[in-house]
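The values are calculated or read from the model by the stated rules, or taken from the named source; none is laboratory data. For clarity, every value in this text was computed on a predicted model and none was experimentally measured. Note that each Cβ is placed from the backbone with ideal geometry, even for glycine, and that neighbours are counted across all protein chains shown.
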Amino acid sequence: MAVTILHTADWQIGKPFNDFEGDTGAALREARFETVKRIAALATERKVDAVLVAGDVFDTPAVKDATLHRLIGALGGFTGPWVLLPGNHDAAQPAGIWDRLAQSKPPANIKIAANAEPLLLVGERLAVLPAPLTRRHEVADLSEWWDGAQTPPGTVRVGLAHGSVTERLPEAAEAPNPIAHDRADRARLDYLALGDWHGTIEIAPRTWYAGTPEPDRHKENDPGNVLIVTLDGPGAPPRIDRVPVSGHTWHRIEHRLADEADLAGLEAVLGGLPAPHDKRVVSLILEGTISLAGWHRLDTMLERWRGRLRALRDDRAALRPEPTADDLDGIDQQGFVREAIDALKRRADDPADPEAATARDALRLVYSLHHGTEADRP
Amino acid sequence: MKISRIDIRNFRKLRQPVTLNGLDGGITVIAGDNEDGKSTIVKAVQAAFFDRHSLMGEKLDDMQPYGAAGAAPKVDVAFTFEGKPCKLAKSFRPQASATLDAGGKSLENDAVEERLREMLRFTPPGKGAAKADNRGMWSLFWVEQGTAFDPLQLNDDARKTLDETLQSQVGKVLGGKRGTKLLAAVEERHGKHFTAQGRERGQAKTLRDQAETLAGKISAARAELKRFEDQSESLARIEARIAARTRANDEAKYADAVKIARVKLTEIETLRRRVEKAAYDLKNARNVADNAKLRWDQRHEKAKAVAAMRHQIAEAETIAEAARNEFVATEKRHNDAVALENQAEAELKTAERTVTGARAAVERGRLATRLSETKAKLTRAEAAAAAMTGAKAEASAVGIDDETWKRLDSAARRAEKARLQFEGAAAAIVFQPEKTQRVRRDGSPVPAGTLIVLTGTALFALDGFGAVEVRPGGGEDVAELRKAHEKAVQTLAKELAKINATDLDDAARRHARWQELTRIAADQGAKLDGIAPDGIELLRAAVAQDEARLVAIGGETGDPDMLDAALAEAETAYERRQSAVAAARKNRGKVEDALREAGNARVKAETSLGERRGAEDRAVREIEADRTLADDATLDRILVETGREADAAAARLDTEHAALNRADPEAAYLALENAESALNRIKEDARKDEDARIGLQSELRALGAQGLGEQVMQFEGEQSRLSAALAAAEREAKAIRLLRDTLNAKQKEARENFTGPVRERIRPYLKLLFPETEIGIDDESFAIAHLHRAGEPEKFEALSLGTREQIAVLVRLAFAEYIADHGEPPVVILDDALVNADPGRMQRMLLALRKASQKVQIIVLTCNEADYAPLGAPVIRLAESQGGAGAA
């Protein structure tokens, strides 16, 4: 008889998102609890045998008691076993977060995999072999003990770990907390449920990172999913169902502007983001050059989009305002004002001038002020 | 503009019509004495152009001629404007009207005013007469008397005219309204970021303050989190130690080690007790052997001592014999010395008796002589004493000594005084009748011719006359005086009675006798004192004493010199005997000392001998008593046997010691100590770790529950947001500052360019008057700010009146020329504007006027016509222009 598990990881509960303006931070904090509730509902709906959370349930081992209790409440939607593994953000330190969780007397179905010993679940049809982290950075491969771990015959063996699979991660992965890439083979695992990498990826045979179910950064590595893994029996290949569960989607948009006309393209890109827009957290990186009039229009446009999206952060470090003759004529064609903006333009164009960037800002400003004062004209 | 003719009627002091005709397009001089109305002409022209014809009130009153209130002031001016002839006629109330013919177009009243405003570009006042501020640029060029030296003040219209004129020259440098508005917006934005002093404020400051506050919070929260993490690590280490200890089972290991060490120590204790027993035995055996040795030694010592004593006794006997012999010899010497002494003493006594006899003979002689002298003195003394005693006795019999006499004399004087007072006060009456008339007193007849002394009131009956009452004393109390007199007489009588004197003379005689006898007694007393100063009795006693002494000495009296020689010889012999006795005594003393010493030596030697004999006897008895207990051979044997037993006990102790050393007690003790320490340490460590674990667990749970990690991350997120906002604010502040600075710099530059042409125009005029001089004009107000002479700035206000006046006129001419070059030339009217110029400066100023007149019309009003004669300009004399006939 097959065993079905829901594999998830990296919930990062307690992450504050206070670097966002206004109430965005609060909304993003709240979203993580909502996602956990959706996972519980999904587990119930799909009748999974257990939910395995492969580390970093919490973003820090020092979360408030309120956060702890809030999470226990969110887990209430699934009455089957929840196996919570301590990760590098919430390592199993003595009198730490897991002791506090245990002391708060949570429901019996919440199991803390804080010890390196097999957990037999689902009437001993499922043996979970955990490799809990007891500190943030571990040099040794804590999953090594699985190789010699004995489990009852006929039991499905599932490894549960948090760290970096050696020599496999697509990008520069964190060096600490290594996990051997052939651990599933060596330890005769039917499935290895991993956490730490925030995107969903099969990293080795029968070895998956579930990724964070609720994205927390602008990284295009397929976050926002959980995996429903069906294990038909010892030795049988796992069947994986990737299910999106995230509340918000984080986007990173890089856009190049060459002239004012390109603003239409940018508008189209933003307009092309799937609805609902208030669930989009956008990081916009702009580069190229733009006239002062264009910059002014860009300001207006982005201000509009800022209202529509959950969050919009624009990075214009690589976008250079390039005043055109029309820009400058628009401010004044003669007199000392024109002489002043010409002087600023010369400085802005002089790469040796340490104030070149400030001069560019000053030009933008004078353009904007001019338009403000012009707007006042009867 | 050029004015060609001016007609004035009923204007202030100009009651007669004045016509100034034929004004030249260049310079015209209007000359007139003071009070002729030159200034009134200026005011009339100003009224024509700038005051409304409908003007009312005080200002209108001012215009009307003195004493002709109802007359209507009227001013007509003919001029050209933009090359076209114009004629302005303005009449004020009560016949208010205005007409203007300009360029073939005629206007009336308000239209005239409106047109004038356009032409001359001025802003009229809301009501009332126009003031300098309302005359536009014309106030600059029409200089009223006494104001030429004031700093140039440009009103708004004048500046506007100048601005516009200048702008047409240098372009739209000031940016117009747009520039002004933009600059205001920039200033406003700059003001949001910086204070007037350039200090940061506004958003950047607020954000920075917030960031600083937050940094403090983060630092505190991080420190707390670090404490949490450190404690967490500490707890992990402690738990690891506890686990390691449990695994190693160290406590049990060290408990076993302690047990083994203790068994070993029990065995060692047994060995140690055996050693102690052997040591005790050895000690006893050594004591016994030591005692045997002691007895043996004592026996031998005593025997040796007896032998030594006997030797000493023999020596002592020799010494005692010698002492005895010495004593006998000394004793004999002593007896001899005593005999010699006794003999000397007997001889001394004989000599002493001889001296005593000689001394008695000498004394007898001296005594007999002295007795004879004393007896003679006594005889003289007794005679004097008898004479003195006789005189004293007689004086005493006389009985009136000095004191008594003094008392008597005093009483007599008092009686005399009282008598005189009484008699002085009494009346003495003697009746001398002519015939036989009788006189009676108290019925008794008073004999005629008899002195009657009255001391009280008496009534005398006189025959044929009546009675006469006599009151003596004139008021004095004669009776009292009489009483006093009688009392004094009685007192005197009593005193005389006391001494049995018959009267005072008798008393006086006796007193004289007393004095004589007293003097005789004194003389004899003095004589007696001279003979026997110590009294006559002492003399008598001395005689008796010497007589008794002589009887006592007895013998015959010899020759005193012989007696003295015999005495001296006897005394010399006596002294020799005394010396002999002393020498004998001294010798005897010495021999006595020697005898005493010899006696002492003999006793000492005999005592010593006795003591030695006694000691030897006791020692011999003691040895003999010891030997009865154990003889010398027995003591020898015991000494050998006990020594042997002690050696055996020492060998046994060595054996036991070796056994104990082999067991190594120190190592066993150290091993136990180590094992116990290790066990205690392990227990203590375990206890401490357990305590620390419990404490840390509790603390960590409490710290963890505070959500420190969440808090730090929240703060950090906020910090990141604040940093970004701050960077943006700072960036904008930097940009606005650069923008403002650039705009201001450019505006300043433009203004400098802007006023440059004016300065250029002024320079040639200044050069005419003040070579090497530059003028500073304020860019904003166009006012003269300062003068640069030889590179040094001088404030305009600080210059002399004349210099200020001249510079102000030059600047006006330059402005006028400048405006003429770029538009309608203005008319310059100077009313006594150069009254403070010296002849030299005046000549230079005339050159300046000539230069300006090439471009603008100049009308000079002056009371010093001659000053302007070098100009060669047309002159209109005011006196000749009144009555409407004035002409150049």
Of the candidates A:ALA340, A:ALA325, A:ALA356, the one satisfying the condition of being closer than 14 Å to B:ALA735 by Cβ, of a type in the set (A, V, I, L, M, F, W, C) and over 40 Å from the mean Cα position of the chain (by Cα) is A:ALA340
Does at least one position in segment A:306-321 carry a residue that is within 13 Å of chain B (Cβ to nearest Cβ) and under 18 Å from B:LYS181 (Cβ atoms)?
no
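To keep it simple, each residue is scored yes or no on (1) polar (S, T, N, Q); (2) under 60 Å from the mean Cα position of the chain (by Cα); (3) buried (at least 23 other Cβ atoms within 10 Å of the Cβ).
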residue	(1), (2), (3)
B:LYS13	no, no, no
B:GLY22	no, no, no
B:GLU35	no, no, no
B:GLN46	yes, no, no
B:ASP51	no, no, yes
B:ASP61	no, no, no
B:ASP76	no, no, no
B:PHE81	no, no, no
B:PHE92	no, no, yes
Select from segment A:307-321 the residues that are more than 24 Å from A:LEU363 (Cβ to Cβ) and surrounded by fewer than 17 Cβ atoms within 10 Å (Cβ to Cβ) and list them in ascending order.
A:GLY307, A:ARG308
In segment A:210-250, anything over 27 Å from A:ALA2 (Cβ atoms) and touching a strand residue (DSSP E or B) at 6+ places or on another chain (Cβ under 7 Å) is listed as A:PRO215, A:ARG217, A:HIS218, A:GLU220, A:HIS248, A:THR249, A:TRP250
Could you say whether any residue in segment A:132-148 is loosely packed, with under 13 Cβ neighbours inside 10 Å, among the hydrophobic types (A, V, I, L, M, F, W, C) and farther than 24 Å from A:ALA50 by Cα?
yes
Counting only residues that are away from chain A (no Cβ under 11 Å), touching a residue at least 24 places away in the same chain (Cβ under 8 Å) and of a type in the set (Lys, Arg), segment B:680-706 contains a total of 1
When you scan segment A:328-354, how many residues do you find that are facing chain B (nearest Cβ under 8 Å) and either outside any helix (DSSP H, G or I) or exposed (fewer than 13 other Cβ atoms within 10 Å of the Cβ) (or both)?
2
Unique match (being among the hydrophobic types (A, V, I, L, M, F, W, C), farther than 30 Å from B:ALA728 by Cβ, surrounded by fewer than 16 Cβ atoms within 10 Å (Cβ to Cβ) and modelled with pLDDT of 90 or more) among B:ILE242, B:ILE260
B:ILE260
Pick from segment B:707-765 the residues that are among the hydroxyl-bearing types (Ser, Thr, Tyr) and touching a residue at least 24 places away in the same chain (Cβ under 8 Å): which of them is nearest to the other protein chains (Cβ to nearest Cβ)?
B:SER723
Do we find that B:ARG222 is more than 30 Å from B:ASN661 (Cα to Cα), within 14 Å of another protein chain (Cβ to nearest Cβ) and of a type in the set (Lys, Arg) in this structure?
yes
Which residues, taken from segment B:42-76, are assigned to a loop (DSSP other than H, G, I, E, B) and touching a Pro at 6+ places or on another chain (Cβ under 9 Å)?
B:ASP51, B:ARG52, B:GLN64, B:PRO65, B:GLY70, B:ALA71, B:ALA72, B:PRO73
Top-ranked residue of segment B:787-805 - restricted to ones that are closer than 15 Å to B:ALA148 by Cβ and of a type in the set (Asp, Glu), ranked as nearest to the chain's Cα centre (by Cα):
B:GLU797
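So in segment B:448-474, with the set limited to residues that are farther than 15 Å from B:PHE422 by Cβ and modelled with pLDDT under 80, which one is nearest to the chain's Cα centre (by Cα)?
B:ARG471
Given the structure, is B:GLU495 farther than 30 Å from B:ALA386 by Cα and touching a Lys or Arg at 6+ places or on another chain (Cβ under 9 Å)?
yes
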What is the one condition in (1) over 16 Å from B:ILE8 (Cβ atoms); (2) in contact with a helix residue (DSSP H, G or I) (Cβ under 7 Å, 6 or more places away or on another chain) that B:MET63 does not satisfy?
(1)
So the check is Cβ under 7 Å with 6+ separation or different chains; which pairs have a first residue in segment B:565-577 that's farther than 14 Å from B:THR350 by Cβ and a second one that's at pLDDT below 90 and small (Gly, Ala, Ser)?
B:ALA566/B:ALA358; B:LEU567/B:ALA358
Could you give every pair whose Cβ atoms fall below 8 Å, whose first residue belongs to segment B:858-877 and is touching a residue at least 12 places away in the same chain (Cβ under 8 Å), and whose second residue is among the aromatic types (Phe, Trp, Tyr) and surrounded by 15 or more Cβ atoms within 10 Å (Cβ to Cβ), counting only separations of at least 6 or pairs across chains?
B:VAL860/B:TYR868; B:THR862/B:TYR868; B:VAL875/B:TYR868
For segment B:457-479, how many residues meet the condition of being out of contact with any Leu (no Cβ under 9 Å at 6 or more places or on another chain) and either surrounded by 14 or more Cβ atoms within 10 Å (Cβ to Cβ) or in a strand (DSSP E or B) (or both)?
8
Note down all Cβ pairs under 8 Å where the first residue falls in segment B:284-312 and is of a type in the set (S, T, N, Q), the second is surrounded by 12 or more Cβ atoms within 10 Å (Cβ to Cβ), and they're at least six residues apart or on different chains.
B:ASN284/B:ALA649; B:ASN291/B:THR642; B:GLN312/B:ARG612
Residue within segment B:77-84 that is part of a loop (DSSP other than H, G, I, E, B), under 27 Å from B:GLY872 (Cα atoms) and either modelled with pLDDT of 90 or more or not hydrophobic (A, V, I, L, M, F, W, C) (or both) present
yes
